[in-house]
Amino acid sequence: MLEKYNALLAQGTWSLVALPSSKSAIGCKWVFRIKHNSDGSISRYKARLVANSNAFLHGTLKEEVYMTQPPGFTSPSHPNHVCLLKKALYGLKQAPRAWYSTISSFLLSQGFLNSQCDNSLFIQRTSSTITFLLVFVDDILDTGNSCSHIQSILAQMHTAFAMKELGDISYFLGISIQACGDSYFLSQHKYASNILIKVGMTTCKPCNFAVLVNLSLAPDSALLFDQPELHRSIVGALQYLTITRPDLSFSVNQSCQHMHAPTIAHFAAIKRLLRFVKGTLAHGLTFSPSSFELQAFSDSNWAGDVLDRRSSSGYCVYLGSNLISQSTKKHQLSQDPQSKLNIK
């Protein structure tokens, strides 16, 4: 807590002032978190000072915001003063906008351009270098073809922001990255294991395939599952798992179609999918140096859903030998009046 408090003071996050009679001060609290490595071991203990809610880095505020002094760090000389925030603290509703405005303005001033495909991705090109910088809340990933140029950029960022370098990437947003020679293997072993722990299926028997055939015709397909929130929570978690497990996309897509009122049969399909995950925890994606040949594959079923006769389709796109995009979706009914039969 003391380390975090001193860092906030050093960054000029607030100044102590008397609260104006026409203003009210928001509360704050300390939130503690244990950061883990990809193998589940403890990386470090972290304290955050939070104003009401979630975490974002410090962007410059344009609004006038007052906050009570941090618990345990009340000024002895000004116990009744409040903090006039100059930067967006964790949890403020203005924080995402303020932080993105601050970091993007800095990167644009350094010659980076915003990607047209992803606003979180910034690209800088020079005559001899290309650098990519990905910003996800308070996690930043930097890569490029010149180590010396990357170090120069990081040095400039250190002058503008309070940052901590974690070295070569090994774990990012729940994804484990392992260097294997000139290739990288991406997996979500720990993330998938946490899903199994949450559902109490760590000792379940693995199965060889994930999809239940003719689920809509199962005997218990009409009986509602008594814990729909659990069903939704698991399906949401499995959606993120498909980042490195595209083989799960079709099954997860099927489960997503029954979020509103899942039945016992729908949850049985989820449990089967988790049994498949149990037996394939070590699966993931490998990215290797390859050609720039672009290949795309697609497939679909025609009126495959036995209830509404709607079709499902999927595709995957490879750059050389590397999978770069994939999707599975169920088709919507056509809204084109010209496509409807006129029957009298």
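Just to be sure I understand, how many residues within the stretch 257-292 are over 21 Å from the mean Cα position of the chain (by Cα) and not in a helix (DSSP H, G or I)?
So the count comes out to 12.
Output the number of residues of the stretch 21-37 satisfying the condition of being in a loop (DSSP other than H, G, I, E, B), over 20 Å from the mean Cα position of the chain (by Cα) and in contact (Cβ under 8 Å) with a residue 12 or more places away in the chain.
5
Can you name the number of the only condition in (1) touching a residue at least 40 places away in the same chain (Cβ under 8 Å); (2) in contact with a Lys or Arg (Cβ under 9 Å, 6 or more places away or on another chain) that Leu113 fails?
(1)
One residue is enough: does the stretch 289-297 have a residue meeting the conditions aromatic (Phe, Trp, Tyr) and open to solvent by 70 Å² or more (accessible area, probe 1.4 Å)?
Yes.
Go through (1) outside any helix (DSSP H, G or I); (2) crowded, with 19+ Cβ neighbours inside 10 Å one by one and return the number of the condition Gln254 breaks.
(1)
Between residues in the stretch 182-197 that are farther than 12 Å from Asp39 by Cα and residues that are open to solvent by less than 60 Å² (accessible area, probe 1.4 Å) and polar (S, T, N, Q), which pairs lie under 6 Å by C-beta distance while being six or more apart or on different chains?
Close Cβ pairs satisfying both conditions: Ser183/Ser288; Leu186/Thr244.
So Thr131 ticks every box in (1) crowded, with 20+ Cβ neighbours inside 10 Å; (2) modelled with pLDDT under 90; (3) farther than 22 Å from Met1 by Cβ but one. Which box is left unticked?
(2)
Could you check how many residues of the stretch 153-207 are outside any loop (DSSP other than H, G, I, E, B), at pLDDT 90 or above and of a type in the set (Ser, Thr, Tyr)?
6
Only one of (1) closer than 25 Å to Asp182 by Cβ; (2) in contact (Cβ under 8 Å) with a residue 60 or more places away in the chain; (3) surrounded by 15 or more Cβ atoms within 10 Å (Cβ to Cβ) is not met by Ala282, so which one is it?
Of the numbered conditions (1) closer than 25 Å to Asp182 by Cβ; (2) in contact (Cβ under 8 Å) with a residue 60 or more places away in the chain; (3) surrounded by 15 or more Cβ atoms within 10 Å (Cβ to Cβ), the odd one out for Ala282 is (3).
Here is a yes/no grid of residues against (1) crowded, with 17+ Cβ neighbours inside 10 Å; (2) in contact with a helix residue (DSSP H, G or I) (Cβ under 7 Å, 6 or more places away or on another chain); (3) at pLDDT 85 or above:
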{"site": "Leu16", "(1), (2), (3)": "no, no, yes"}
{"site": "Cys28", "(1), (2), (3)": "yes, no, yes"}
{"site": "Asn52", "(1), (2), (3)": "no, no, no"}
{"site": "Leu57", "(1), (2), (3)": "yes, yes, no"}
{"site": "Lys87", "(1), (2), (3)": "yes, no, no"}
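The values are calculated or read from the model by the stated rules, or taken from the named source; none is laboratory data. This one's a predicted model, so the numbers in the text were calculated from it and none came from an experiment. Every residue, glycine as well, gets a Cβ built from its backbone with ideal geometry; the counts of neighbours run over all protein chains shown. Heavy atoms of the whole protein, side chains included, go into the accessibility calculation; ligands, DNA and RNA do not. Shrake-Rupley method; radii C 1.70, N 1.55, O 1.52, S 1.80 Å.
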